[in-house]
């Protein structure tokens, strides 16, 4: 009887070990399947998740770019801006009855990285970003690892205007190019093909990014100031300098923000007044409109 009891206990123990091994195998299979699925979703071109090493913009950086003092805007003026937005003759660009701004760039692009600082500062004077991310330009390009924002996955709300930010690729290499992100709509692609070419921009810079269309009245192609100003600086260092109008980086960013603000104020008929009535903005509007309008040759 004792021997039978020991045999039964041994058999029960053996079966228990078998069941445990089976459950352990099932758990391992489930974990592996979950990891494969997660990677597949993250790397899918149509996924709305961010790629590479972009993260939500930190609270400190967001506060710095959205609360620049009026005295800084006033003191900087056009700062170290090397080229201003250019007037164009084109059909009005609107969305929901509001003037529409279309930005097309890419996360790998150092010139886009440079321009986004001024764009975020300027647009934050008219509305609010949600889900704005921080990233950097490609490590393999000129001006590598330029710290910046990304419009991929973000949204923007404003009572004055509509904004569409398109980042066509990430900063992560995929084959001989970069991983795809956002696909421009047909009308956005048409804007890029039409107005990012001569005679609207110089033939030598045709196809440059970033490309920004401001309501069909003004455009930007390329960076407005020298990307070298941002080299070697962290996002926190760049952002913290925005309170100092004598900071060389700030002169590029705030000068660009003022120039962008000036053309947006043209689109919004001077609203809001506390932004558009700034003397630096008025002065820049005169400089911008004194440029010849780019009209196709007939």
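Structure notes:
- Selection status of residue 134, closer than 25 Å to residue 233 by Cα, in the same structural domain as residue 115 (by TED's automatic domain parsing), at pLDDT below 95 and in contact with a strand residue (DSSP E or B) (Cβ under 8 Å, 6 or more places away or on another chain): no
- Subset of region 151-193 (residues that are farther than 28 Å from residue 90 by Cα and either touching a residue at least 12 places away in the same chain (Cβ under 8 Å) or under 10 Å from the mean Cα position of the chain (by Cα) (or both)): 153, 170, 171, 172, 173, 178, 179, 180, 181
Let's see how each residue does on (1) under 16 Å from residue 147 (Cα atoms); (2) surrounded by 19 or more Cβ atoms within 10 Å (Cβ to Cβ); (3) not assigned by TED's automatic domain parsing to the domain that holds residue 83:
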| position | (1), (2), (3) |
| --- | --- |
| 220 | no, yes, no |
| 225 | yes, yes, no |
| 232 | yes, no, no |
| 241 | yes, yes, no |
| 258 | no, yes, no |
| 269 | no, no, no |
| 277 | no, no, no |
| 284 | no, yes, no |
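- Odd one out for residue 141, checked against (1) more than 17 Å from residue 68 (Cβ to Cβ); (2) buried (at least 20 other Cβ atoms within 10 Å of the Cβ): (2)
- Assessment of region 236-249 against the conditions (farther than 16 Å from residue 64 by Cβ and within 20 Å of the chain's Cα centre (by Cα)) yields no matching residue.
- Residue in region 156-169 that is in contact with a strand residue (DSSP E or B) (Cβ under 9 Å, 6 or more places away or on another chain), farther than 28 Å from residue 68 by Cα and surrounded by 18 or more Cβ atoms within 10 Å (Cβ to Cβ) present: yes
- Within region 55-77, the set of residues being free of Cβ contacts under 8 Å to residues at least 24 places away in the same chain and either closer than 27 Å to residue 222 by Cβ or outside any helix (DSSP H, G or I) (or both) comprises 67 only.
- Scanning region 143-171 for residues that are part of a loop (DSSP other than H, G, I, E, B) and in contact with a helix residue (DSSP H, G or I) (Cβ under 6 Å, 6 or more places away or on another chain) gives 143, 146.
- Residues (buried (at least 18 other Cβ atoms within 10 Å of the Cβ) and part of a loop (DSSP other than H, G, I, E, B)) located in region 78-99: 78, 79, 80, 81, 84, 85, 90, 93
The values are calculated or read from the model by the stated rules, or taken from the named source; none is laboratory data. Just so we're clear, the structure is a prediction, and the values are computed from it rather than from any experiment. Here Cβ is always computed from backbone atoms with ideal geometry, including for glycine, and neighbour counts include all displayed protein chains.
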